[in-house]
Amino acid sequence: MRNTARWAATLALTATAVCGPLIGTALAAPASLYAPSALVLTVGHGESAALATPARAVTLACAPTPSGSHPAAAHACAELRGAGGNFDALTGRGDVLCTKQYDPVVVTVDGVWQGKRVSYERTFANECVKSTHGTSLFAF
């Protein structure tokens, strides 16, 4: 009986010594599988970000799962992934009619997209025109 207990203790210690370091590695692995994607988006009224005071700002993180204060984080991340992270590739919806009123709205995006630093600024003629571009991303 003593021999069985000794073997069980030896087996348990060996398993702990061999598998213990692997558990820490396994827990840390998922964080390294995703390139960081964390953005701060702002919107303000004015011709450029330098002249406009931000009216609203939200955060958007897309990896490993969509999160942040953006009201439609999952849709915004999917839309940005679909455009390959190119903010200029986000196309407007053609089914919306906007007035020709000029009341400039500027949108900025700063942060990291899939591990690369990004900084983007775009001025739209008015709020309606802004709402048609990047329907989920700029809707906050």
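The values are calculated or read from the model by the stated rules, or taken from the named source; none is laboratory data. Keep in mind the model is a prediction, meaning the values are calculated, not measured. Here the Cβ is made from the backbone with ideal geometry for all residues, glycine too, and neighbour counts use every protein chain on show. Accessible surface is based on the protein model in full, side chains and every heavy atom, while ligands, DNA and RNA are left aside. Shrake-Rupley method; radii C 1.70, N 1.55, O 1.52, S 1.80 Å.
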Quiz item: Loop-only check: which trypsin sites (Lys or Arg not before Pro) in segment 32-104 are DSSP coil with at most 16 other Cβ within 10 angstrom?
Solution: ARG93, LYS100
Quiz prompt | Apportionment of accessible area to carbon and sulfur, segment 98-140, percent (1.4 Å) | solution = 51 percent
Exercise. Starting from segment 42-135, pick out the chymotrypsin sites (Phe, Trp or Tyr not before Pro) whose DSSP state is loop and whose Cβ has at most 16 other Cβ atoms within 10 Å.
Key: TYR102
Exercise. Add +1 for every Lys or Arg and -1 for every Asp or Glu among the other residues with Cβ under 15 Å from the Cβ of LYS100, and state the total.
Key: -1
Exercise. Specify which residue in the list LEU97, TYR120, GLY84 is farthest towards the positive end of the charge dipole of segment 82-131, using unit charges on the beta carbon of Lys, Arg (+1) and Asp, Glu (-1), about the Cα centre.
Key: GLY84
Exercise. Please list HIS75, HIS133 in order of solvent-accessible area, largest first, computed with a 1.4 Å probe with all protein chains present.
Key: HIS75, HIS133
